[in-house]
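Asks: Structure incoming, see below.
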Amino acid sequence: METLTPQKIAEVTGGEYVGIESDRNIAVTGAVRDNRDVKEGNLFVCIRGERVDGHSFSTAAFNSGAACCLAQQKIPDAKGPYVLVDSTLEAIKVLGRYYRSLFYIPIIGITGSVGKTTAKDLVAAVLSAKRCVLKTEMNMNNELGVPLTLMSLSEKHEVAVIEMGISDFGEMGRLAEMVRPDIFIMTSIGYSHIKELGDLQGVLRAKTETFAYMKPNGIAVLNGDDGMLLNYDPGLHKITFGLNEYNDVHAANVKALSINAVEFDIISGTGKFPVKIPAYGSHLATLAPAAVIVGRLLGLSDEEICNGFLTYSPVEGRSNATTPNGITLIDDCYNANPDSVKAALTSLSSLPGRHIAVLGDMLNLGKHSENMHYEVGAFSAQCGIDCLLCQGEKARFIYDGYISAGGIQAKHFPQISELIQEIPNYIKKSDVVLVKASRGMHFEELLPVISGMSL
């Protein structure tokens, strides 16, 4: 494979090489935006943010072993070579697109309003049973994170699983132009970023921009339980998954063994086989068939797929279940939208015990916000949630919806400090407690309070 060098980076991005002549052709491997993540030989991308300017950390990056910097302003007394461009964000996208073109391995792209991170980790776990897999880490699914992830590809990788997240029109097209997925999974069409995208048709239109950047032999793996995706024609070979029997591959007989495992059967035209995933959440059964499809497309046997599922573990803040002090605590506070909250409530209601939902504002819902919060509250009551605690300006409508639908016990807190102070008064030993809100609500502050209670 062609070696990436500062000279090549300058050529690809249209930038200016700055440095001594002998450094033009040193090897560059991988790219990072945080100097604390620099490894020997990395490209350090200087991003100018609202609060921090990456150019200020170029010296620290070189001291940590960076081979080169990508900068949009001159670096005085630079300790190594750098490439000067008009915009480092635009340049890293160009570089990511070029670098991906050097690899001829299967690339799986994943998006959806709900479940894309879980689906990404399930697919990666399955494929890891037989292949060396690169996958998106943490929340690196945007127009900066995706090219940085692509830049992590190396000759050892046999497949890549790339999560692709958007908030507006055009973003998915720009991501897809970089990723060029061979297989594209869509988990759902829901209300995430509805403020920018207008309505569900807008969400569908934005997320399906990818198909224009796939080869004619590309494969669309769509959640057939979602009516919009079931009826959508991607112009490519389409395979559906989900829980309903009409899907090409579906899960059935779902059983939550405990907070530590869920099991179910995978059923398709070739028969069925049992699967066990060592994690909490019935939502896993909805997404697992997509991982089965990808595994089979890439030549894994059903036994290898099962072994891959056994290595799955959830990302922190996404349906992590623990049992501190005799209660069951479900940490799902990484983010929230109406669809993901309803899925979390459904999984919560499947567990034995008294069910407490601690919910906060779901942000970026625009004109739909009040109605959607109200619907989540009503859904909470319909799920049999025994106690609802909610906090935030819009969460008041969750409270109203819960009470109107016959909810048993509820309280709304305007401030998180009030919730923190009173939450111990509502939780008893053996309760099952879900904590979920949009990331901007900082509900992670509740976790140590709940975990540290004396019951």
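The values are calculated or read from the model by the stated rules, or taken from the named source; none is laboratory data. None of these values were measured; they are calculated from a predicted model. So basically every Cβ, Gly included, is an ideal-geometry build from the backbone, and we count neighbours across all protein chains shown.
Asks: So if I check each of ASN244, ASN260, ASN223, ASN231, which one is more than 14 Å from VAL292 (Cβ to Cβ), outside the structural domain of ASN364 (by TED's automatic domain parsing) and either surrounded by 19 or more Cβ atoms within 10 Å (Cβ to Cβ) or in contact with a His (Cβ under 7 Å, 6 or more places away or on another chain) (or both)? Even if it seems obvious, please write down each step before you answer.
Replies: On the way: ASN260 fails: either surrounded by 19 or more Cβ atoms within 10 Å (Cβ to Cβ) or in contact with a His (Cβ under 7 Å, 6 or more places away or on another chain) (or both); ASN223 fails: more than 14 Å from VAL292 (Cβ to Cβ); ASN231 fails: either surrounded by 19 or more Cβ atoms within 10 Å (Cβ to Cβ) or in contact with a His (Cβ under 7 Å, 6 or more places away or on another chain) (or both).
From the options ASN244, ASN260, ASN223, ASN231, the qualifying one is ASN244.
Asks: Here's something else I'd like to know. Only one of THR149, THR210 is over 25 Å from SER313 (Cβ atoms), part of a helix (DSSP H, G or I), of a type in the set (S, T, N, Q) and touching a strand residue (DSSP E or B) at 6+ places or on another chain (Cβ under 9 Å). Can you tell me which? Talk me through it step by step, then tell me what you get.
Replies: Working: THR149 fails: over 25 Å from SER313 (Cβ atoms).
Result of the check over THR149, THR210: THR210.
Asks: Being in a strand (DSSP E or B) and in contact (Cβ under 8 Å) with a residue 24 or more places away in the chain is the filter here, so list the residues in segment 411-435 that pass it.
Replies: From segment 411-435, those in a strand (DSSP E or B) are 411-413, 432-435; that's our starting set.
Within segment 411-435, PHE413, VAL432, VAL433, LEU434, VAL435 qualify.
Asks: Continuing with the same structure: Given the residues LYS120, LYS79, which is the only one that is on the phi < 0 side of the Ramachandran plot, in contact with an Asp or Glu (Cβ under 6 Å, 6 or more places away or on another chain) and outside the structural domain of THR346 (by TED's automatic domain parsing)? Lay out the reasoning, then the answer.
Replies: Values: LYS79 fails: in contact with an Asp or Glu (Cβ under 6 Å, 6 or more places away or on another chain).
None of the other options fit; the residue is LYS120.
Asks: Cβ-Cβ below 7 Å, separation at least six or inter-chain, first residue in segment 123-144 and under 18 Å from ARG100 (Cα atoms) and not assigned by TED's automatic domain parsing to the domain that holds LEU284, second among the charged types (D, E, K, R) and buried (at least 18 other Cβ atoms within 10 Å of the Cβ): which pairs?
Replies: Hits for this filter: zero, empty list.
Asks: Residues to consider are GLU171, GLU245, GLU163; find the one that is under 30 Å from ALA27 (Cβ atoms) and either among the small types (Gly, Ala, Ser) or without any contact (Cβ under 8 Å) to a residue 60 or more places away in the chain (or both).
Replies: Details: GLU171 fails: under 30 Å from ALA27 (Cβ atoms); GLU245 fails: under 30 Å from ALA27 (Cβ atoms).
Selected residue: GLU163, the only one of GLU171, GLU245, GLU163 that is under 30 Å from ALA27 (Cβ atoms) and either among the small types (Gly, Ala, Ser) or without any contact (Cβ under 8 Å) to a residue 60 or more places away in the chain (or both).
Asks: Check segment 351-362 and report whether any residue there is in a helix (DSSP H, G or I) and not hydroxyl-bearing (Ser, Thr, Tyr). Don't jump to the end; show me each part of the working.
Replies: Taking segment 351-362 and keeping what is in a helix (DSSP H, G or I), we get none.
No, segment 351-362 contains no residue that is in a helix (DSSP H, G or I) and not hydroxyl-bearing (Ser, Thr, Tyr).
Asks: Another question, then. ASP86 is checked against (1) buried (at least 24 other Cβ atoms within 10 Å of the Cβ); (2) more than 24 Å from LYS39 (Cα to Cα) and fails just one. What number does that condition carry?
Replies: Exception for ASP86: condition (1).
Asks: Among the residues of segment 284-322, how many are part of a helix (DSSP H, G or I) and surrounded by fewer than 22 Cβ atoms within 10 Å (Cβ to Cβ)?
Replies: 7
Asks: Given the condition within 23 Å of VAL146 (Cβ to Cβ), among the aromatic types (Phe, Trp, Tyr) and not in a loop (DSSP other than H, G, I, E, B), answer yes or no: does some residue in segment 242-265 qualify? So that I can check it myself, show each step before the final result.
Replies: Step one: of segment 242-265, the residues within 23 Å of VAL146 (Cβ to Cβ) are none.
No, there is no match, as no residue in segment 242-265 is within 23 Å of VAL146 (Cβ to Cβ), among the aromatic types (Phe, Trp, Tyr) and not in a loop (DSSP other than H, G, I, E, B).
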